[in-house]
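Asker: This structure is in structure tokens; I'll ask about it shortly.
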Amino acid sequence: MSIEAIQRLNANAVTARTVRARRYSAIKSVSQTTFTIKGSAENDVFHSTVKIILDWLASRAGQSLPPDAWEKKSFEISGVGAQPISVVALTSPLYWAARLVDADKTVPLRTWTTEIGIGVDDSGDVLFGTRVISSARGEDPPYFRSIPGFVKRLLKTAKVELDGIRIENTPRFIQTEEDVRALLALLEQPNRQADVLVISTGETSTDPKDTLVSADAVHKDVSAVAHVFVLSGPASFLLTKLVGKELSVFSKAIRTYKPGFRLDSSDTPEHPIAFAGKIRAFPSTTEGGFERWLIEQTLASTNYSPNKEDRLPSFEHIRQLQSHATLVQFKDSGASDSDMLNLYIDEVAALEKRLQQQTEEYDGLLNSAERDRQEALQLAETAKAQSIERLHRIKVLEKKIGENAQHNTPIPDSLDDFEQWCKDHLQGKVELAKKAYSAVRKSSFHDPSLIYRALKLLRDEYYQMRTDGSAERQKAYLDALNALQLEDEPTGDAVKTNRETYSAMHNGRRYPLENHLKGSNSRRREFGFRVYFCWDDEEELVVVGWLPEHLPNRAS
């Protein structure tokens, strides 16, 4: 057998072993935490924070930390009987990073990798972050997500801020209009990175303990990664008045407002809510019940932030920065070519070893993410099939009911209960995007009844025309338009040239507002009238994105 053939066999054997190892490894992101520690003296805050982490590492190392550790320098521990620890200390920029690989005490072949980063920003505040990753090469029984214990110690001993807001020892209680407006400002904060959990009390309650889960317990486990608020009953009515019922939370429900919340464009599914009935019906066999589930979901969401690497660079990235700085410093010191070559050889060997480790880690994370994606797709397909079946049942029932509902629809003379009217009389045929509801709440249109009649027209004559298409239905629609002195016209080029304005988000999809019902051309807000909408062929419904005012275009 030739040398080349032997090399190929060896290479294939290595590849096979690697594939087998990866096949049975499960690598998952557990949680990630990033926040700011305030302080007037940057060195004191920075070094005191590093000291807290060193104390934690020392308690888990399995042997004494070297003297360099307590001088806050770079070091490594990898001896027999020790937990592998690596620390990189940079001086410019001032940054300290650590990684501990901790063996699970009860599950063989499962380890927990904790990465920690501590830096200083231009204002002297300390930027702190940590991430936890689990890796199992054998059995991988379920576990509760958590954040490292030293994080809770930092919360107790330092002035810590998340999204510019001080993390308190207990959840904030929202009672006054000022409180509600401050909450809304946080929800709409453009650079908010953390979830906002709002746990509501009963409709008339002003007792912060009148909730279906312990807000204190939730806050204790997630305060480093999410904002937790308790909303009183009266305050929930104020919030509903500002954001609308679809995006509010009340009657002991719990809502999670994700980053990116916008009052005019956010959809309900983007900011999930659990109503009281669901919380009470949550399986009692699940350990910890709904409270534990909520904590798990909140911690899990920290792993899917689109900019999580920017907020907390990986330990390997920091180590590469250190290696580059060492090479530059060695070269500037006048090292010989031979010394430089040896240093490069050592560095390449170390990089190859770390690359192999990273490849396996990232492949494991990718495989875990792909499994999660496939499960989500299956759930989505199942939900979609159920939705189509229910929609069919609804249409059958509507046909049995006949035309009575069309004639018995009330036409209010005010917009006070507009959202409830839409929910009661339009659902299944006409859906309003959130920015449409917001526009109506701010509207000063002089004839509220026309708004209701126009929507009823879309529900009845327009809907029937789109689903039937007969000449009779088309004529009925035109007659209904004429009766209200309205016209149905395409929106025109504005859909392309001003896409953001002439579109609406609904149920996670962006709809171009291709048509509009046109009434008065007056530019005065109280007299001009438009209803911008489109037809969804797949769902067979009308999506209204804006009313009752005129939207700007090139001509206006």
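Asker: What accessible area, in Å² to the nearest ten, does a 1.4 Å probe give for Trp293?
Answerer: Surface accessible to solvent at Trp293 totals approximately 90 Å².
Asker: Going by a ≥ b ≥ c, the root eigenvalues of the Cα gyration tensor, does region 148-214 fall in the rounded group (a/c under 1.5), the prolate group (a/b larger than b/c) or the oblate group?
Answerer: Verdict is oblate for region 148-214.
Asker: Apply the Karplus curve 6.51 cos²θ - 1.76 cosθ + 1.60, θ = phi - 60°, to the phi angles in region 103-114 and return the couplings in whole Hz, x for Gly and Pro.
Answerer: With the stated coefficients, region 103-114 comes to 6, 5, 6, 10, 10, x, 6, 10, 10, 10, 9, 10 Hz.
Asker: Let me ask you something else. Tell me the accessible surface of Ile147 in square angstrom (1.4 angstrom probe, heavy atoms of protein chains only), to the nearest ten.
Answerer: Estimated to the nearest 10 Å², Ile147 gives 20 Å².
Asker: Could you put Thr240, Thr298 in order of accessible surface area, largest first, with the 1.4 Å probe and the full protein assembly present?
Answerer: Details: Thr240 35, Thr298 5 Å².
Result, largest first: Thr240, Thr298.
Asker: Amide H of Tyr511 versus every other amide H placed in the peptide plane: which residues, excluding those fewer than 5 positions away on the same chain, fall under 5 Å?
Answerer: Counting only residues 5 or more places away or on other chains, the set is Ala504, Met505, His506.
Asker: Separate question: Sum up the charges of everything whose Cβ sits under 14 Å from the Cβ of Leu212, counting Lys and Arg as +1 and Asp and Glu as -1, but leave Leu212 out.
Answerer: Details: positive: Lys209, Lys252, Arg255, Lys278, Arg280, Arg292; negative: Glu203, Asp207, Asp210, Asp216, Glu291.
Counting the neighbours of Leu212, the net charge comes to +1.
Asker: Per residue, how large is the accessible surface of region 151-272? Use a 1.4 angstrom probe and give square angstrom.
Answerer: 42 Å²
Asker: Taking a probe of 1.4 angstrom, what is the accessible area of Val228 in Å², to the nearest 10?
Answerer: 10 Å²
Asker: Okay, next question. Which number gives the lysine pairs in region 430-542 that have C-alpha atoms under 30 Å apart and are eight or more places apart or on different chains?
Answerer: Summing the qualifying lysine pairs gives 15.
Asker: Please say if region 416-556 is rounded, prolate or oblate, where rounded means a/c under 1.5 for a ≥ b ≥ c the square roots of the C-alpha gyration tensor eigenvalues, and otherwise the choice is prolate for a/b larger than b/c and oblate otherwise? Mind dumping the intermediate values first?
Answerer: Details: a/c = 1.22, a/b = 1.17, b/c = 1.05.
Because its axes are fairly even, with a/c under 1.5, region 416-556 counts as rounded.
Asker: Return the carbon/sulfur percentage of the accessible area of region 87-205, one whole number, probe 1.4 Å, all protein chains in place.
Answerer: Percent of accessible area from carbon and sulfur atoms in region 87-205: 51.
Asker: Let me check against my output: what whole-number percent is the relative contact order of region 183-270, with C-alpha pairs under 8 Å and at least 6 apart?
Answerer: On the way: 149 pairs, mean separation 36.9, N = 88.
Here the relative contact order equals 42 percent.
Asker: Further question on the same structure: Using 0.36 nm per residue, how much length does the chain from Gln189 to Ala82 gain when fully extended, once their Cα-Cα distance is taken away?
Answerer: Additional length available on full extension: 34.0 nm.
Asker: Still on this model: Between Glu178 and Ser449, what is the spin-label point distance in nm, taking each point 7 Å from the Cα along the Cα→C-beta axis?
Answerer: In this crude label model, Glu178 to Ser449 measures out at 4.4 nm.
Asker: So who's got an amide H within less than 5 Å of the one on Asp102, skipping anything under 5 residues away but keeping other chains? H placed 1.01 Å off N, in plane.
Answerer: Trp112, Thr113, Thr114
Asker: Which of rounded, prolate, oblate describes region 122-264, given a ≥ b ≥ c as roots of the alpha-carbon gyration tensor eigenvalues and a/c under 1.5 marking rounded, otherwise prolate only if a/b is larger than b/c?
Answerer: It is prolate, given that a/c is not under 1.5 and a/b is the larger ratio.
Asker: Please arrange His550, His47 by accessible surface area, largest first, computed with a 1.4 Å probe and ligands excluded.
Answerer: Values: His550 50, His47 70 Å².
From most accessible down to least: His47, His550.
Asker: Taking R0 as 25 Å, what's the FRET efficiency between Asp122 and Arg166 from their Cβ-Cβ distance, rounded to 0.05? Before the final figure, lay out the partial values.
Answerer: Details: r = 20 Å, r/R0 = 0.82.
According to the calculation, E is roughly 0.75.
Asker: Related question: Counting only protein chains, not ligands or nucleic acids, how are Arg510, Arg292 ordered by accessible area (probe 1.4 Å), most first? Let's see the in-between values first.
Answerer: Values: Arg510 80, Arg292 40 Å².
Solvent-accessible surface, decreasing: Arg510, Arg292.
Asker: Let me ask you something else. Just to check I understand the Karplus step: with θ = phi - 60° and J = 6.51 cos²θ - 1.76 cosθ + 1.60, what whole-Hz values come out for region 175-186, glycine and proline as x?
Answerer: 10, 9, 4, 4, 4, 5, 5, 5, 4, 4, 4, 5
The values are calculated or read from the model by the stated rules, or taken from the named source; none is laboratory data. Only a predicted model underlies this, so the values are computations on that prediction, with no experimental measurement involved. Note that each Cβ is placed from the backbone with ideal geometry, even for glycine, and that neighbours are counted across all protein chains shown. For accessibility, only protein heavy atoms count, side chains too; no ligands or nucleic acids. Shrake-Rupley method; radii C 1.70, N 1.55, O 1.52, S 1.80 Å.
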